[in-house]
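The values are calculated or read from the model by the stated rules, or taken from the named source; none is laboratory data. Values in this document were obtained by computation on a predicted structure and should not be read as measured data. Every residue, glycine as well, gets a Cβ built from its backbone with ideal geometry; the counts of neighbours run over all protein chains shown.
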């Protein structure tokens, strides 16, 4: 297996999960993820294995798609664990949809910062470089977005 194939295998789920948190649509997240790797190879070649660059490409593709669509639709969760019983899967799926729905209530910049931070693949410094703000500002925005998300989730419970 080639080195780029290993890079793809190691990174595809991270990029997909990031896009899933942004879009709430597994089909759209998968399409953008595939296009991300296609553009990465096309513009930077198989020797470039910069994960931050992949996130930047994915972010730009998402932004382009967002501008085209101007709205989100919640999608079905994919990649479920086969060993989970049916009831547990339904509970997990329900909670996942609930969090995605609450994330849609956040401002676009809050949703993006939270999606990047939730993946735990990028440091605050890398996120800051990606979105063009200071590292301290990223920490503040992540904290505020988490508090706001928690509040939205509480409102949904009440």
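Observations, loosely collected:
- Looking across the stretch 38-56, the residues that are over 10 Å from residue 7 (Cα atoms) and either in the same structural domain as residue 115 (by TED's automatic domain parsing) or in a helix (DSSP H, G or I) (or both) come down to 38, 39, 40, 41, 42, 43, 44, 52, 53, 54, 55, 56.
- Qualifying residue in the stretch 17-25 (condition: in a helix (DSSP H, G or I), over 18 Å from residue 114 (Cβ atoms) and in contact (Cβ under 8 Å) with a residue 12 or more places away in the chain): no
- Residue in the stretch 68-89 that is under 18 Å from the mean Cα position of the chain (by Cα), modelled with pLDDT under 90 and outside any loop (DSSP other than H, G, I, E, B) present: yes
- For the stretch 102-156, the set of residues classified as assigned to a loop (DSSP other than H, G, I, E, B) and more than 23 Å from residue 11 (Cα to Cα) consists of 105, 106, 107, 133, 134, listed by residue number.
- Members of the stretch 20-49 found to be within 17 Å of the chain's Cα centre (by Cα) and either surrounded by fewer than 16 Cβ atoms within 10 Å (Cβ to Cβ) or at pLDDT 90 or above (or both), listed by number: 27, 30, 31, 32, 33, 34, 35, 36, 37
- Qualifying residue in the stretch 102-120 (condition: more than 12 Å from the chain's Cα centre (by Cα), farther than 20 Å from residue 51 by Cβ and touching a residue at least 60 places away in the same chain (Cβ under 8 Å)): yes
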